[in-house]
């Protein structure tokens, strides 16, 4: 009954869903504007009015978790047993090696930081 009924013709055209804006007229920089930008670029920033941050604020600070560390290529000699252990799970052994070394570095840095903090507390007492 409904299978072959004729579709109704569209009476009006739908407006486009996106709007095009031309920024050409607004993007032209006047000579006065260019001079103002150059003056700002060469101006020294005055930080005198900015409040300083207390050291305690940085106590638990962490770096940007999304920042990628800079990697350097090097040649290193590793015991065969260590290399075999790293390669046992297949490809990605260099990433695993980097993780092991990074974890060891972070433990050492935390330990050094605690020791420095304890030493500074002893000096105050």
Checking the structure you have, find out if any residue of the range 52-61 is outside any loop (DSSP other than H, G, I, E, B), out of contact with any strand residue (DSSP E or B) (no Cβ under 9 Å at 6 or more places or on another chain) and modelled with pLDDT of 95 or more.
no
Can you report the number of residues in the range 36-73 which are closer than 26 Å to residue 110 by Cα and either in contact (Cβ under 8 Å) with a residue 60 or more places away in the chain or over 16 Å from the mean Cα position of the chain (by Cα) (or both)?
10
Among the residues in the range 92-106, are any surrounded by 10 or more Cβ atoms within 10 Å (Cβ to Cβ) and over 29 Å from the mean Cα position of the chain (by Cα)?
no
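The values are calculated or read from the model by the stated rules, or taken from the named source; none is laboratory data. Keep in mind that this is a model prediction, so the values were computed, not measured. Methodologically, a virtual Cβ is constructed for each residue, glycine included, from the backbone with ideal geometry; neighbour enumeration extends over all protein chains shown.
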